[in-house]
Each structure stands twice: as C-alpha cells, then as structure tokens.
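Single-structure report; data block below.
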Amino acid sequence: MRLCEARQQAEHLPPNSFDESHRVDIVGKVVSRRDHAQVTFIKIQSHEEGDDPDATVQLLILKKTAPPALVALLPILHPEFIGRWTGHLGRSKTGEISLQPTAPPELLRSPTDPAYLAKVLELTAQANITPVQAADMMDCALEDIIRLLEMPLESPARRRELVIVSHLMQGLPARGLIRARIQKLGLHDRMLLERAQRAAAGYPVRLLPGGGETVDFGAVDPLLNLPEQSGDRVNYIDSKKRPQIAWMLGQLKDLLASLPPTPPPHLFDIGGGRGDLALVIATSLPQLAMTVVDTNEPSLAAGRARAVQLGLGNIEFVSGSLADPPVQQSILGCARPVMVGLHACGGLSDLILDTAARAGASVLLCTCCFASHPDLLDGCLHQEPWGSADTGDCPPNPEVGAALGTQGPDPAGSPIPFSRAEWARLGQLAEMADHPEEAHRAMGALNALRLARFGRCLARRGPAGRTMAACEILAFPLEYSPRNLVLRVAVR
Ligand SMILES: C[S@@+](CC[C@H](N)C(=O)[O-])C[C@H]1O[C@@H](n2cnc3c(N)ncnc32)[C@H](O)[C@@H]1O
C-alpha cells in the first residue's frame with residue numbers, strides 16, 4: 001500500500017487506537033527516530049514511486065511486545081534505512097498517524113554510513129540477517145558479504161572495504177574489489193521493450209501545457225478533504241494535486257464536448273478515494289450524475305460526508321472493487337458511461353480500460369505505479385486476449401487506425417504478439433528507477449499497447465454501433481508529474 005493511502009485509511013480512527021482487524025504493508029525510508037526506555041518512535045517517509053514523496057507515518061515499537069526479530073534490528077533502523085513495513089494502522093495518543101509493526105521489516109536498503117554497514121555485518125554474523133539479505137541491503141554481491149564476514153572485525157582492510165561499499169551505494173566513484181549491483185535489465189527485457197515500442201509507434205505521447213483550466217476550488221478544495229493539514233500535505237496539494245485536478249477537469253470538459261448530447265453521460269470515477277477529483281467534477285458539472293467506486297471504505301465515508309456538507313445531490317460513493325460483478329454490471333448497464341481515474345495504479349488502469357471497452361465507455365485515465373495490482377490483469381484476461389501469443393491472429397482494428405491517422409497500432413498491420421507475462425513485465429520495466437530511460441520508454445509503450453487493446457476489445461466485445469472516435473496519450477506538464485501519462489479515449 002502506498003503511504004498516502006495508508007494515511008487516508010488511518011485518518012478516521014480515533015486517537016490512541018489501532019485497527020487490528022487487518023495488516024498493511026508500506027515501503028518507507030527512516031527520516032528520524034526517538035528512543036525512550038520502553039518505546040522507540042521512528043518516522044518513515046514514503047519511498048514508493050508515484051506516492052506523495054512528503055507523506056510520513058510514525059512507527060511505534062514497544063520493546064516489550066514487539067516481535068523480538070524486529071527489536072534485534074533496532075541498531076540499523078536509522079535515517080536512510082529503507083524497508084517494507086507490515087503492521088496495524090492507527091493513531092497515537094496525540095493523534096499522529098502511526099503503524100504498529102507486527103513483523104520485522106523486509107530489509108531493502110541499509111544506511112550508507114560505513115558504521116551502519118558494520119552493524120549490518122554484525123547482525124548478519126549473529127544470524128539476525130541472512131547474508132543474502134545483507135547483500136541486497138548493501139547493493140553488493142553475496143561473495144563480497146561472505147568475504148567481509150571472514151575478515152577480522154577491526155581490521156583496516158575490512159574498514160577500507162566498507163568505505164568502498166558505502167561509496168558505491170551512494171553512486172560515488174570507488175576503486176576496489178566490490179562490484180555494484182543494480183536492477184537487472186536483461187537482453188530479453190531489451191528485446192521486449194523494442195518490440196513494444198515498435199508496436200506502439202502509432203501512439204505518440206503528446207505533452208500538453210498546463211494552466212489551461214482555472215478552477216475556483218473554494219469549498220471543494222482537496223485540502224479540505226484532509227482532517228490533518230500538515231506542511232507536507234499542504235505543499236503536495238499546492239504544487240501537484242490542485243494543478244492535476246484542474247488539468248483533468250479541462251480535459252474532461254473537452255472530451256464530453258466531443259460526445260453526442262444524448263443519452264446524457266454518467267461519470268464513474270474508479271479508485272476515486274475521498275473524491276478529490278470527483279467532488280470538483282460534480283460541482284463544476286452539476287447537470288451530470290457521478291459515481292465514485294473504491295475499495296477503501298474510510299476514504300469513501302470521508303467523501304460522502306463532504307458531499308453532504310456541500311449539498312451535492314449528483315454524486316454517490318460506492319464501496320467495492322471494479323472487479324466485483326455488481327460494480328461491473330452498473331457500468332455495463334449504463335447507457336452512456338464515461339470512466340475517469342486519477343492515479344489508477346497498474347492493473348487497475350488495465351481493468352478500467354477493459355471494462356470501458358466492453359461498456360462502450362469514453363475514458364480519461366491518469367495511469368501510475370505500473371507494476372501494482374497485477375492480480376487485476378486476471379479480470380481482464382477472460383474478456384480479451386493480450387495478443388496473438390495467447391490466441392492466434394487478431395486483426396488490427398480499422399477504427400483505431402482511422403482515429404490515429406495510421407493503419408493501426410502496429411505499422412506492419414500484424415497482430416500484437418504479447419503475452420500476459422510480457423504485459424506484466426513491461427509494467428515492471430516502467431518502474432525501474434535504476435534505468436530511467438528504459439522505464440520512460442516502457443511507460444509510453446505500455447500505455448500505447450493499452451490503447452491498441454482497447455480498440456480491439458471495443459470492436460469485438462463493445463456494444464454494437466459504438467466506435468472509437470479519438471484516442472490519445474497525453475503527458476501532464478512535467479512540473480505536475482513526470483511519472484503519469486493520461487489516456488483520453490472518445491467513444492461515440
Ligand atoms: C493512488 S490512489 C488514488 C486515489 C484518488 N483517485 C486520488 O487521486 O486521490 C488509488 C485508489 O485506487 C483504489 N483501488 C485499488 N484497487 C481498486 C479496485 N480493485 N477497485 C476500485 N478501487 C481500487 C485504492 O483504494 C485507492 O483509493
């Protein structure tokens with residue numbers, strides 16, 4: 001779970017309580033720490049692509065009750081340590097959003113200071129950390145860890161090597177025997193990426209300027225949806241969220257203007273959370289009905305309460321997954337559905353497009369976190385194959401070609417030969433921070449393939465008579481976000 005979502009979930013719990021009914025896991029970096037006799041407070045900051053980078057949560061480690069394997073790791077849980085933390089969300093006595101870990105963290109990265117690297121080795125020698133985990137945390141090879149463990153503790157040679165490891169971890173030049181380990185991008189990945197880019201050639205990414213739509217946020221300011229308005233949150237809403245919402249609203253108005261006036265559109269905001277975008281839309285377009293769908297009940301409850309406060313009668317908040325049959329039916333049974341999504345993570349974007357194509361819906365979708373929710377791909381698989389690798393020939397959809405001014409998504413006019421596993425792998429490649437150029441290419445190619453698949457699915461499974469009038473991949477202005485592409489599809 002992303003840390004900003006965890007915060008949203010915990011915001012509605014009373015102070016001094018933890019929700020022990022379910023566990024969450026969060027990738028976070030330690031930013032500060034306070035030690036008391038019985039308890040250690042550790043502040044962690046989000047470390048997940050696409051998350052609010054300033055969002056923080058406090059870990060509460062009660063030494064008496066915390067798992068001993070977690071307490072054993074306390075010597076290395078210092079600023080810069082990155083881990084995947086599992087536990088119960090809640091709020092401290094003072095109301096601070098907190099996580100009570102129920103297990104030791106998954107060890108992702110050690111602080112780079114050589115003194116802490118020495119502590120990692122010490123914990124490895126004591127069997128609190130395995131050598132493989134130590135290698136992962138210190139970005140070096142397993143043989144290096146074994147060699148370091150065999151060196152005498154206080155030897156100058158070991159100290160020297162730890163300085164080299166520290167330099168390599170920080171990306172600084174270092175001469176020595178240790179090899180740096182980076183995320184692996186194999187030959188197979190490069191070939192996949194090339195093929196995907198070739199197939200995606202008909203779908204260029206268009207970078208649009210910002211500032212087109214001026215929105216008077218007033219009573220629907222997303223800041224008012226937050227119970228706790230800390231400096232970090234205010235900054236995120238000022239610099240990113242409000243501009244993104246205004247930009248999406250402008251795009252939505254253009255999209256709606258291109259659709260026939262009847263039957264009137266019904267908007268579905270999928271993964272709409274607290275309704276940051278939906279409440280603005282419902283206020284700006286009062287003549288339209290709107291449904292927000294999300295799996296996160298506390299966020300929906302907050303959105304519902306805001307809608308009542310604002311006296312909005314054209315918006316409802318529905319709890320459930322888009323994969324749930326009743327949710328699917330409500331969209332498939334709608335005369336003119338229009339589906340929107342802001343930051344629809346990974347497989348959720350695929351399922352939105354799959355559902356939209358079957359329902360003949362137009363779409364405005366801000367994609368993100370490409371490797372998340374791969375399970376939701378299964379919901380799509382039953383409806384339409386990913387490509388000829390699964391099912392044999394699949395002719396390109398002429399409407400897609402017409403809309404793009406090309407002969408179809410693949411210049412050669414051949415089927416798109418991608419399997420589900422390759423599709424999921426492209427999502428992972430799009431998230432490879434160590435290979436930013438390839439990640440950027442994968443992000444564009446995957447979104448292009450999504451549009452191509454939408455075209456095929458609409459033609460084969462969509463309601464009779466519905467065609468794709470236009471489809472585009474748009475990029476937010478870079479200052480709003482370099483990691484999100486927006487798909488805009490008009491179905492008439
Ligand atoms: C990154 S958040 C974006 C929230 C909101 N659109 C915004 O921009 O503030 C993604 C949302 O998708 C929701 N979600 C995840 N899986 C879902 C599913 N299968 N069906 C509906 N919503 C889902 C999550 O609960 C979360 O609220």
Answer in debye to the nearest 20: the dipole magnitude of the range 50-95 about its Cα centre, from +1 Lys/Arg and -1 Asp/Glu charges placed on Cβ, is 420
Ignoring everything except DSSP H segments at least 4 long, calculate the 222 nm mean residue ellipticity for the chain; use -39,500 (n - 2.57) per segment, divide by total residues, nearest 500. -11000 deg cm²/dmol
Projected onto the charge dipole of the chain (unit charges on the beta-carbon of Lys, Arg, Asp and Glu, signs +1, +1, -1, -1), the Cα from SER155, VAL340, THR112 with the largest positive-side position is that of VAL340
Kirkwood-type radius of the range 1-109, with distances r between different C-alpha atoms, in Å: 13.6
Can you work out the Karplus-derived ³J(HN,Hα) for every residue in the range 54-65? Use 6.51 cos²θ - 1.76 cosθ + 1.60 with θ = phi - 60°, whole Hz, and x for glycine or proline. 9, 5, 10, 9, 9, 8, 10, 10, 8, 4, 6, 9
Can you give the FRET efficiency for LEU142 and ARG461, using 1/(1 + (r/R0)^6), R0 = 51 Å, r = Cβ-Cβ distance, to the nearest 0.05? 0.55
Note down the relative contact order for the range 188-491 as a percent, whole number, built from C-alpha pairs under 8 angstrom at least six residues apart. 23
Per-selection Kirkwood Rh - the range 59-170 (Cα, Å, 1 d.p.): 14.9
Largest-first ellipsoid semi-axes for the chain, taking √(5λ) over the Cα gyration tensor eigenvalues, angstrom: 43, 30, 18
If unit charges are put on Cβ atoms (+1 for Lys and Arg, -1 for Asp and Glu) and the dipole of the chain is taken about its Cα centre, the option from ALA72, LEU259, GLN100 lying farthest towards the positive end turns out to be LEU259
On C-alpha positions alone, give me the angle between the axis of helix 156-169 and the longest principal axis of the chain, in degrees, nearest 10. 10
Structure shown: which of LYS29/LYS240; LYS29/LYS93; LYS93/LYS240; LYS29/LYS119; LYS43/LYS240 lie over 20 Å apart, alpha-carbon to alpha-carbon? LYS29/LYS240; LYS29/LYS93; LYS93/LYS240; LYS43/LYS240
Expressed in nanometres to one decimal, the distance between label points 7 Å along Cα→Cβ at ASP254 and ALA72 is 5.8
Order of ASP238, ASP354 - criterion: other Cβ atoms within 10 Å of each residue's Cβ, fewest first: ASP238, ASP354
On a 0 to 90° scale, report how tilted helix 242-257 is relative to the longest principal axis of the chain, with both axes built from alpha carbons and the result rounded to the nearest 10. 20
Antiparallel DSSP bridges in the chain: what percent, to the nearest 5? 60
Karplus-derived HN-Hα couplings along the range 99-106 (A = 6.51, B = -1.76, C = 1.60, θ = phi - 60°), whole Hz, x at Gly and Pro: 10, 9, x, 10, 7, x, x, 5
Point-charge dipole on Cβ atoms (K/R +1, D/E -1) for the chain, about Cα centre, debye to 20: 160
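Computed from the coordinates by the stated procedures, all read-outs in this text should not be read as laboratory data. Nothing here was measured: the structure is a model prediction, and the numbers come from that model. So basically every Cβ, Gly included, is an ideal-geometry build from the backbone, and we count neighbours across all protein chains shown.
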